Amino acid sequence: MKKFLLYIVKIFVVTALIAVFLDGLYTYIFMHSKNRGKIESVVNSEVQKYDVVILGSSRANNHFVSQMFQDKGIKTFNYGMSGGHLFEASLMLKLMIERKYQIKNVILEADLNLSNDKQSEGVSAKFLPFIHNSEVIKKHFEHEKDFNELHFIPFYRYIKYDSKIGFREMFKIVKKEETNALDNLGFYPLKKHKNGNMKNNIVSLNPLPHNKYYEEIKSICKKNNINFIAVMTPMCENVVGMNYFDKVKKAYPEIHNYENTVIEDKYFSSCGHMTDEGAKMFTARILKDFFKK
């Protein structure tokens, strides 16, 4: 029995040592990644200066044409993340402040994402390799139900989110494979698709009366003298439940409503995402309304 228990202890110790080693190896590799995605490009960056930083979900990523800002001498980067919620947008801004970024304006896409204050696991997982290297990331996840496992159990986060930050991603970083996430100054243009979903029903959506992460972003901007511009972006003409945007305006009167700036289906790739042409029309309106001078 004694030998059996000793054997079990040895297995446990060896397993723990391997987990610690792999955790350190993966983290080291992620800490040297700059060209795979927007998150590590910020985490591993030097001080940056921007006239405009764009935050939000895919409805930011696909709707704000960064180059149009640049063409007017406004240094801009679109940090919108497909699938992201305000949980991730707030954390991204916190990281920029932690990295001493100098930002004049933040444009936040705040519309459908106001209906929840939960993390988007697929996106938030990409912050986890840096949880021991950034106090901001650690604190942002502190109140999540699995924080202790993610923070204290070596290699747990890499196993749980293997599809996002596991071996495959680590291997691509080592091979220096680039993605298109940083192309076009962060803007991702969409094309018109014959089979694009041009119907949407948002009747069941309701904006939270006090979205924690929206308020965080607004507060961070105020504290750091950043001009805060929150906008609702367009949807196609066949959406059911468009009074959602009226509810947002009532709950958050400071958010500018642009949901009907572009409405024709020909300018949409899917009901909630404009094509490149539609995005250019929308961006031109934003530039006119907020950056005319």
Linear extension gain, Glu178 paired with Asn206, 0.36 nm per residue minus alpha-carbon span: 6.3 nm
Proximal charge balance of Leu86 [Cβ under 10 Å; K/R count +1, D/E count -1]: -3
Working from the alpha-carbon coordinates of region 1-95, get Rg over Rh, Rh being the Kirkwood radius. 1.30
At 222 nm, what helix-only mean residue ellipticity would the chain give, in deg cm²/dmol to the nearest 500, using -39500 (n - 2.57) for each DSSP H run of four or more? -12000 deg cm²/dmol
Kirkwood hydrodynamic radius, region 2-290, all distinct C-alpha pairs: what's the number in Å? 20.3 Å
Which of these, Val42, Val65, Val13, has the largest mean-square fluctuation under a Gaussian network model of the chain (Cα springs below 10 Å)? Val13
Pick from Lys280, Lys223, Lys104 the residue whose mean-square fluctuation is largest in a GNM of the chain, springs joining Cα atoms under 10 Å. Lys223
Say each of Lys139 and Asp289 gets a label point 7 Å from the Cα, pointing the same way as Cα to Cβ; how far apart are those two points in nm? 3.3 nm
How much accessible area does Asp23 have with a 1.4 Å probe, in Å² rounded to the nearest 10? 20 Å²
Quick one, could you list the DSSP H helices from the chain stretching 20 Å or more along their long axis (Cα atoms) with average Kyte-Doolittle hydropathy of -1.0 or above? 2-30, 276-290
Heavy-atom accessible area order for Arg59, Arg36, Arg168, largest first, 1.4 Å probe: Arg168, Arg36, Arg59
Pick out which of Asn184, Asn148, Asn227 has the largest mean-square fluctuation in a Gaussian network model of the chain, springs linking Cα atoms closer than 10 Å. Asn148
Around Lys139, what is the net charge, scoring Lys/Arg as +1 and Asp/Glu as -1 over all other residues with Cβ under 14 Å from its Cβ? -2
Taking 51 Å as R0, compute the FRET efficiency from the Cβ-Cβ separation of Glu149 and Glu237 and round it to 0.05. 0.65
In nm, to one decimal, how far is the modelled label at Glu98 from the one at Phe228, with both set 7 Å along Cα→Cβ? 2.0 nm
Disulfide-incompatible cysteines by the Cβ rule (no partner under 4.7 Å) in the chain: Cys221
Got a sec? Which residues in region 143-179 would a label at Ser82 touch, if it sits 7 Å along Cα→Cβ and we count backbone N under 14 Å? 179
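The values are calculated or read from the model by the stated rules, or taken from the named source; none is laboratory data. Bear in mind the structure is a predicted one, so any value in this text is a computation, not a measurement. Glycine also receives a Cβ, built like all others from the backbone with ideal geometry; neighbour counts cover every protein chain displayed. Heads up: the accessible areas ignore ligands, DNA and RNA and are worked out on the full protein's heavy atoms, side chains in. Shrake-Rupley method; radii C 1.70, N 1.55, O 1.52, S 1.80 Å.
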